[in-house]
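What follows is one structure encoded as structure tokens, with my remarks underneath.
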Amino acid sequence: MPNSRAALAAIIAGGSVSALLLPGKAEAQALETLDAIGPYLDICVVRRMKGAGFSPERDVTLQLSFRSDGTIIGVPRATYSRPSRGEPEQARFIDAVRRAFADCAPLPFSKPLGASIAGRIFTFRYTLESNKDERI
């Protein structure tokens with residue numbers, strides 16, 4: 001199963017993804033391969049999380065599935081969380097990542113990719129790490 005790990009602080013500070021993968025670009029090309037999904041979501045989720053004000057050392061792993069048209073099926077399920085989900089700021093962090101995923105959908109899958117991944121379970125991990133004690 002594809003697995004994406006994004007250090008949100010590091011990506012915001014200076015990560016780069018091909019302009020062809022930037023969400024919201026009128027010229028954005030369709031995602032053709034499984035390997036293109038993670039980078040596309042990384043930049044899209046980070047863009048929506050920037051300025052959210054979360055303290056570092058947060059981590060969430062979400063499982064979700066897509067329809068062939070790039071929309072998300074249901075609500076992404078948190079399968080791992082650090083600190084625990086009972087901590088109020090962590091609950092807000094998980095909800096913010098879920099909202100970011102929802103805002104990024106539908107993903108621009110090519111027809112062949114959409115047909116091949118529809119209904120498959122994907123796991124994405126997002127980590128907010130210390131970066132000079134900055135808050136994102």
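The values are calculated or read from the model by the stated rules, or taken from the named source; none is laboratory data. Worth saying up front: this structure is predicted, and the values here are computed from it rather than measured. Neighbour counts run over all protein chains shown; Cβ positions are idealised from the backbone, glycine included. What goes into the accessible areas is simple: the full protein's heavy atoms, side chains included, and nothing from ligands, DNA or RNA. Shrake-Rupley method; radii C 1.70, N 1.55, O 1.52, S 1.80 Å.
Some points to look at:
- With all protein chains in place and a 1.4 Å probe, the accessible surface of the stretch 28-69 carries 45 percent carbon and sulfur.
- Residues whose amide H lies under 5 Å from that of Asp59, counting only those 5 or more places away or on a different chain, are Arg82, Leu128; hydrogens are built 1.01 Å from N in the peptide plane.
- Total formal charge among the other residues, if their Cβ is under 15 angstrom from that of Asp69, Lys/Arg +1 and Asp/Glu -1: +3
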